């Protein structure tokens, strides 16, 4: 069964999330991006230590390669509770087809 069927992921990001999860990347948020979506471009956020982003990038390069646009270490900042993170964020040049 695909992750999309389990989690209800956007069709344009589901294949990328599936690759990451298959290889042990702990994703927690994703979006195919574009008008009407939470992110302007396809995005996966995932947990992990300092090395996890580099591991995810290697996975993306070895599987396709996936069209990675950027890899970031990020923090969310809530106005009442302050910063939350860090976490990793990988964006893609285009949604999966």
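Every read-out reported here was derived from the displayed coordinates using simple, explicitly stated rules and does not represent laboratory data. These numbers come from a predicted model, not from an experiment. Don't worry about glycine lacking a Cβ; one is built from the backbone with ideal geometry, like all the others, and counts go over all protein chains shown.
How big, on average over all directions, is the shadow cast by the Cα convex hull of the chain, in nm²?
Working: hull surface 26.6 nm².
Mean orientational projected area (the chain, Cα hull): 6.7 nm².
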Describe numerically, in nm with one decimal, the distance between label points set 7 Å from Cα along Cα→Cβ at residue 22 and at residue 72.
2.8
Per-residue ellipticity at 222 nm for the chain, helices alone: DSSP H runs ≥ 4 residues times -39500 (n - 2.57), over residue total, nearest 500 deg cm²/dmol?
-7000 deg cm²/dmol
